[in-house]
Amino acid sequence: MQCLGLSTARVEAHPALQGLPAGCSVVLREREPRLFLELFFAAVLKGCHVWLASPDWQGTRLRGLSSLCGAAPVLGAEPLPPPPAGLQLPDVAALTGGQPGILIPTGGTSGRLRFAL
């Protein structure tokens, strides 16, 4: 981490992740590169599943994200809209074999928000 100019101690005990259990999902919507890296590594080291999202997303994109990851805490931007009632979330832990998952947004040519694991 030193080559990136990040504090290992701060990453390992990042205040934004205090109280979150290992294996939970978080949404990362940080614009500033250094803080993005700090939050990303902190979440992965804690064992969280990280959903990458643009801080510029609004409206339909945020509702789509909320319907995929539920009420996951957001790192770096305002919270997501509430997820739809009765939502069945994907079991990311089962898909990753219990390892932290990195979920990368893709829309392909359909324009519909999806995530690659």
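Tell me whether region 52-60 contains one or more residues that are hydrophobic (A, V, I, L, M, F, W, C), open to solvent by less than 20 Å² (accessible area, probe 1.4 Å), at pLDDT 90 or above and not in a loop (DSSP other than H, G, I, E, B).
No, every residue in region 52-60 fails to be hydrophobic (A, V, I, L, M, F, W, C), open to solvent by less than 20 Å² (accessible area, probe 1.4 Å), at pLDDT 90 or above and not in a loop (DSSP other than H, G, I, E, B).
Hey, among the residues in region 9-26 that are in contact (Cβ under 8 Å) with a residue 24 or more places away in the chain and assigned to a helix (DSSP H, G or I), which one's nearest to Gly101 (Cα to Cα)?
Once the filter is applied, the top-ranked residue is Leu17.
Since Leu113 meets every condition but one in (1) of a type in the set (A, V, I, L, M, F, W, C); (2) open to solvent by 40 Å² or more (accessible area, probe 1.4 Å); (3) touching a Pro at 6+ places or on another chain (Cβ under 8 Å), which condition does it not meet?
(2)
Any residue that is touching a helix residue (DSSP H, G or I) at 6+ places or on another chain (Cβ under 9 Å), of a type in the set (Phe, Trp, Tyr) and touching a residue at least 60 places away in the same chain (Cβ under 8 Å) - is there at least one of those in region 53-60?
no
The conditions are (1) more than 15 Å from Pro81 (Cα to Cα); (2) in a loop (DSSP other than H, G, I, E, B); (3) out of contact with any helix residue (DSSP H, G or I) (no Cβ under 7 Å at 6 or more places or on another chain), and Glu30 fails exactly one of them. Which is it?
Here Glu30 clears every test but (3).
In region 74-109, which residues are open to solvent by 80 Å² or more (accessible area, probe 1.4 Å) and not charged (D, E, K, R)?
Once the filter is applied, which keeps residues that are open to solvent by 80 Å² or more (accessible area, probe 1.4 Å) and not charged (D, E, K, R), region 74-109 yields Pro79, Pro82, Ala85, Gly86, Gln88, Leu89, Leu95, Gln99, Ile104, Thr109.
Output the number of the condition that Leu45 fails; it satisfies all remaining conditions of (1) open to solvent by 40 Å² or more (accessible area, probe 1.4 Å); (2) closer than 23 Å to Ala116 by Cβ; (3) not in a helix (DSSP H, G or I).
(3)
List every residue pair whose Cβ atoms sit under 8 Å apart, with the two residues 6 or more apart in sequence or on different chains, where the first one lies in region 32-50 and is among the aromatic types (Phe, Trp, Tyr) and the second, anywhere, is open to solvent by 50 Å² or more (accessible area, probe 1.4 Å).
Phe41/Met1
The values are calculated or read from the model by the stated rules, or taken from the named source; none is laboratory data. These numbers come from a predicted model, not from an experiment. Glycine gets a Cβ as well: all are built from the backbone with ideal geometry, and neighbour counts include every protein chain shown. When the accessible area is computed, the model is the full protein with side chains, heavy atoms only, and any ligands, DNA or RNA have been set aside. Shrake-Rupley method; radii C 1.70, N 1.55, O 1.52, S 1.80 Å.
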